[in-house]
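Here the structure is laid out as structure tokens; the discussion comes afterwards.
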Amino acid sequence: MIVDPMTQEILRPVADNASGGAESDTVASSPRHAEQQQPRTRGGVRKVLGWMLLVMLVVAIWPATWGGLTGITVVNGHSMEPAYENNDMVLTLRHSSYAVGDVVSYKVPEGQDGAGGRVIHRIIAVDDSGVQPVFTTQGDNNPSVDPWRFSTTDIVGEATLRVPRIGGAFNGSSGLMLGAVVGFAVLVVLWPSRPKPQNGAPTTKPTHETD
């Protein structure tokens, strides 16, 4: 501390002012630095979230015919009316077990009449006496029980969602359609976003007028 002998006032060193100015400059510049870092941070978070959503979407809609959980069955006929009508598109989900009353889409096993065909009917009986449960189905609008007997591995999935009258457009191409949806989702996530202009930067090129 320095005291003026004439006025008895305390004199502050010039270095204090200089350091104060430096501190002021540092504090003033920090918000701008933070603003520059925020867009990068937000962009990274969005990218991570986008990948997470993509993974969940792929798992959710990966076709059952390719080892996934989801399938599409087109109703062909009137055996499930009034619940499901001809040309309805039905979204199915694969489960680990099924019970009486579930409407399931399944493939007729090898060695049975119509092997390889797709059927969507309601389970009316389950035989648990063997290694795997054996299911029996019947159409809601049919007077007799179906002749086929099948196991869990033959089931594509349980009916979950019905879209009326549009099945004709997708019949025979459900796997391709789901694959197209997955591909579109990948494209959306990987498509580079347009960078936002920095604060104060012009969004368009300046124009010059000439006489």
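Val74 falls short on exactly one of the conditions (1) at pLDDT 95 or above; (2) in contact with an Asp or Glu (Cβ under 9 Å, 6 or more places away or on another chain), and that condition is (1). Entry remark, region 163-176: residues being over 11 Å from Val74 (Cβ atoms), modelled with pLDDT under 80 and out of contact with any helix residue (DSSP H, G or I) (no Cβ under 9 Å at 6 or more places or on another chain) number 1 in total.
The values are calculated or read from the model by the stated rules, or taken from the named source; none is laboratory data. Since we're looking at a predicted model, the values are computed, not measured. Note: ideal-geometry Cβ built from the backbone for every residue, glycine included; neighbour counts use all protein chains shown.
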